[in-house]
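S.K.: I am attaching a structure below and will ask some questions about it afterwards.
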Amino acid sequence: MDWPVGAKWTEYTARHRRRGGITGRDGGNARRIAVSSTPFANRRDTAMPRVRHYADIVAILAGLMWILVFWSVSISARMDSLEPVLAALFLLGTMLLLSFAHRPIRVHLSRYHVRKRRTEMWMHILALPMLLALLLGVILEVLIAPLSGQQKMLLFNVLATAGWVVYVMTLVVKFIIHQCRRR
């Protein structure tokens, strides 16, 4: 009898299935079957890129929502009105409520790859722009003139948007590289 290459051998008996445990030798009544590990490897090869792709989409959308909130603050300051900020916070709150109330979304959002991608996104849209805005704000105030609060917020928004665009482009390049490697 030909067995598949790379297959794992196991003994299988009716008693083994009923009891749920290993029964040992069965006086020759045990049938030997090959359990191939190939389907699991193939499933892993196709499932991991899907998980990463899903994590990338979640992080991109979360970054877009936060960029929307950041820009709404600048627009509100320019218009002297709270409506843009309230609208952006309402959308953000709705997204958060849906993601916590809907169990499948909550399960997906708790995955390691999603958390890792969101952390990378936060580094691009919050940490680096805040440091760069502080540095550039100090340099501009020393060299040119003092900046108002609106101008400082605008500087931060421009840098955060640029960081988000860099993050999205990085993910697109990674996706293209993974697609080329798979082919």
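Only the coordinates and a few stated rules stand behind these numbers; no lab work does. Source: prediction; values computed, not measured. Heads up, the Cβs are rebuilt from the backbone with ideal geometry, glycines too, and the neighbour counts pull from every protein chain shown.
S.K.: So if I place +1 on the C-beta of Lys and Arg and -1 on the C-beta of Asp and Glu, and nothing else carries charge, what would the dipole magnitude of the range 46-182 be about its Cα centre? I want it in debye, nearest 20.
M.R.: Charge dipole of the range 46-182: 960 debye, to the nearest 20.
S.K.: Based on the mean of other beta carbon atoms within 10 Å per residue, what is the order of 165-176, 141-152, most packed first?
M.R.: Per-residue mean Cβ counts within 10 Å order the peptides as 165-176, 141-152.
S.K.: Considering Cα pairs under 8 angstrom that are at least six residues apart, work out the relative contact order of the range 46-182 and quote it in whole percent.
M.R.: Computed value for the range 46-182: 32 percent relative contact order.
S.K.: Label the range 46-182 by shape, choosing from rounded, prolate and oblate, from the square roots a ≥ b ≥ c of the eigenvalues of the Cα gyration tensor; if a/c is under 1.5 it is rounded, and otherwise prolate applies when a/b is larger than b/c, oblate when it is not.
M.R.: Oblate is the answer for the range 46-182, as a/c is 1.5 or above yet b/c matches or exceeds a/b.
S.K.: Could you list GLU120, GLU83 in order of exposure, starting from the residue whose Cβ has the fewest other Cβ atoms within 10 Å?
M.R.: Fewest-to-most ranking of GLU120, GLU83: GLU83, GLU120.
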